[in-house]
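The values are calculated or read from the model by the stated rules, or taken from the named source; none is laboratory data. The structure presented is a predicted model; accordingly, all values stated were derived computationally and were not measured. Note that we place each Cβ from the backbone using ideal geometry, even for glycine, and neighbour counts take in every protein chain shown. Accessible surface areas use protein heavy atoms only, side chains included; no ligands, DNA or RNA. Shrake-Rupley method; radii C 1.70, N 1.55, O 1.52, S 1.80 Å.
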Amino acid sequence: MTAADLCVTNARVFTCAGPDDAPPAARLAPIEGGAVAISDGRIRFVGPAADAPAAARVIDAGGRALLPGLVDPHTHLAFAGQRVDEMARRMAGEDYRAIAAAGGGIKATVRAVREASDEALFEGTAARARALRARGVTTAEVKSGYGLTVHDELRLLRTARRLDAEGLLHVTTSLLGAHAVPAERQGDRAGYVEEVATSMIDAAVAEGLADACDVYLDDGAFTRDEAARILGAAKAKGLAVRAHVGQFADLGGAELAAELGALSADHLEEVSDAGLRAMAAAGVRAVLLPGAWRTLRQTPPDAARMRALGVRVAVGTDCNPGTSPSVDLPLMAALAVRDAGLTMEEALLAITAEAARAAGVRDAGRLEVGARGDLALLDHDDPRSLTYALGGPPAPLVVLAGRVVEQQAFAPPLW
Ligand SMILES: [Zn+2]
């Protein structure tokens, strides 16, 4: 038998695998004294260290917790500029939607993206991707949405694809042309919606740049009918669909996501029981975004209510320059525990196996033979430490497709 490329051994291995409907504790039962071996970028062995194959490189984890590389199911990683001044104004009491209506908010970032060179856009996006990865993330969903022309939306999607091509992160992309109506199309809203539903989707599909299509369905953004037009068109072209739903108002977006068989409905501060029931029946994941509800000082969604209605939950950073300037996915999971009431075990699955389902990525977020060779080693033997701490040090070891991409000197845990 040929040697594996890499084996991480002497770890407490938390596979996050097994059936989706198994209790969280069962999906997080550790393999004590375990090992994971990777060949050709894929996991080849998961089990007791004594049974592991020989490997060209062996790393002793010293009894630390080993998880699948984390999955961020909702990011706007590709953007230019920042909105520090706007944050100061909002923290002083100005309203987010009023600032947006006056040309700030998303429109400010759209101007910055259109002015940025391709290289500047990529360099900023790559810096955020590396920062995300330093905390253990190996797969991210990345949206467009700050271009709002066919030309600029495709630039953003190409930027996201380039992260993957250059080996920074595994990326799945969503076309979010319906993030806002661009300033120059304010008088032609219907025409813009039609352009997104036709030429923008067609161009993204023709170039293979989008895995999914997303719409910001909310008060101050797009209506349910507009979202149905765009997402229906995307689905007909073979794209997966998802939507930003109920961040400010319940416009029936959860029900629409269920009707369309969406991968996820994201935000959900405002959603009815009927909407949650429809999502549960259709297998639509709820993606919770603590960075946004914190910044907007909103009442968070209630995990107990979602649990009772059978909705499966993931957590994302929502990394964006307006409402969630964060690249710390474990911190978001820690906030989801405190604010929304996820259990610590649910929160771990919400940034691994459940996040991969929400992102529509089949072979990540779990440690099983044949899955991507992506690993995140913690500085602790208890994986719940990840959501116990409010922010923490870089992951001691991150492996992407069998390559060690982050490595720190092993130190005692902080807590
Ligand atoms: Zn978002």
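Non-local amide H neighbours of ARG42 (under 5 Å, H modeled in plane, Pro and chain starts lacking H): which ones?
GLY373
For the chain, with the dipole built from +1 on Lys and Arg beta-carbon atoms and -1 on Asp and Glu ones, taken about the Cα centre, which of ALA376, ALA26, GLY252 lies farthest toward the positive end?
ALA376
Roughly how big is the chain's charge dipole about its Cα centre, with Cβ charges of +1 (Lys, Arg) and -1 (Asp, Glu), in debye to the nearest 20? Don't jump to the answer; show the numbers that get you there.
Numbers: 43 positive and 54 negative charges, 81 e Å.
About 380 debye.
May I ask for the percentage of alpha-carbon pairs in the stretch 70-359 that lie more than 35 Å from each other? Write out the running numbers ahead of the final one.
On the way: 3299 of 41905 pairs.
Counting pairs separated by more than 35 Å, the tail of P(r) holds 8 percent.
Excluding ligands, DNA and RNA, what is the solvent-accessible area per residue of the chain at a probe of 1.4 Å, expressed in Å²? Walk me through the intermediate numbers first.
Details: 14780 Å² over 415 residues.
With all protein chains present, the chain gives 36 Å² per residue.
Loop-only check: which GluC sites (Glu not before Pro) in the stretch 324-368 are DSSP coil with at most 16 other Cβ within 10 angstrom? Could the numbers behind the result be given before it?
Working: sites: GLU345, GLU346, GLU354, GLU368; in loops: GLU368.
Passing sites in the stretch 324-368 are GLU368.
For the stretch 17-90, which trypsin sites (Lys or Arg not before Pro) are in a loop by DSSP, counting at most 16 other Cβ atoms within 10 Å? Working shown, then result.
On the way: sites: ARG27, ARG42, ARG44, ARG57, ARG64, ARG83, ARG89, ARG90; in loops: ARG64, ARG83.
Those that pass, being in a loop and sparsely packed, number zero.
Looking at the chain as a GNM with Cα springs under 10 Å, which of PRO301, PRO396, PRO23 has the largest mean-square fluctuation?
Top of the fluctuation ranking is PRO23.
Please figure out what share of the DSSP beta bridges in the chain is antiparallel and state it in percent, rounded to the nearest 5. Show your work: numbers first, answer last.
On the way: 23 of 61 bridges.
Antiparallel bridges make up about 40 percent of those DSSP assigns within the chain.
Between the stretch 157-177 and the stretch 27-88, how many Å separate their Cα centres?
About 19 Å separates the Cα centre of the stretch 157-177 from the one of the stretch 27-88.
If one takes the longest principal axis of the Cα atoms in the chain, at what angle in degrees, from 0 to 90 and to the nearest 10, does the Cα axis of helix 273-282 lie?
Once rounded, the angle reads 60 degrees.
Name the GluC sites (Glu not before Pro) in the stretch 110-177 that are in a loop by DSSP and that have at most 13 other C-beta atoms within 10 Å, would you? Each step should come with its number before you reach the end.
Details: sites: GLU115, GLU119, GLU123, GLU141, GLU153, GLU166; in loops: GLU166.
Listed in order of number, the matching sites are GLU166.
Could you tell me the calculated FRET efficiency between SER117 and ALA88, based on Cβ-Cβ distance and R0 = 35 angstrom, to the nearest 0.05? Write out the running numbers ahead of the final one.
Working: r = 28 Å, r/R0 = 0.80.
My answer for the efficiency is 0.80.
So, counting K/R as plus one and D/E as minus one, what does the shell of residues with Cβ under 13 Å around LEU378 add up to? Working shown, then result.
On the way: positive: ARG12, ARG64, ARG135, ARG384; negative: ASP379, ASP381, ASP382, GLU406.
With Lys, Arg at +1 and Asp, Glu at -1, the neighbours total 0.
Between ASP219, ASP21, ASP152, which gets the highest mean-square fluctuation from a Gaussian network model of the chain, Cα cutoff 10 Å?
ASP21
Just VAL46, VAL36, VAL58 to compare: in a GNM of the chain, with alpha carbon springs under 10 Å, which one fluctuates most?
Judging by the Gaussian network model, the answer is VAL58.
Name the residue farthest towards the positive end of the dipole of the chain from the options ALA274, VAL405, ALA160, assuming +1 on Cβ of Lys and Arg, -1 on Cβ of Asp and Glu, about the Cα centre.
Value computed over the given set: VAL405.
Would you mind telling me the share, in percent, of accessible area of the chain contributed by carbon and sulfur at probe 1.4 angstrom? Don't skip to the answer; put the middle values down first.
On the way: 7880 of 14780 Å².
Reported share for carbon and sulfur atoms: 53 percent.
So between LYS237 and ALA308, what do we pick up on full extension, going 0.36 nm a residue minus the alpha carbon distance? Mind showing how you got there, number by number?
Working: separation 71, 0.36 × 71 = 25.56 nm, distance 3.50 nm.
Between LYS237 and ALA308, full extension yields 22.1 nm more.
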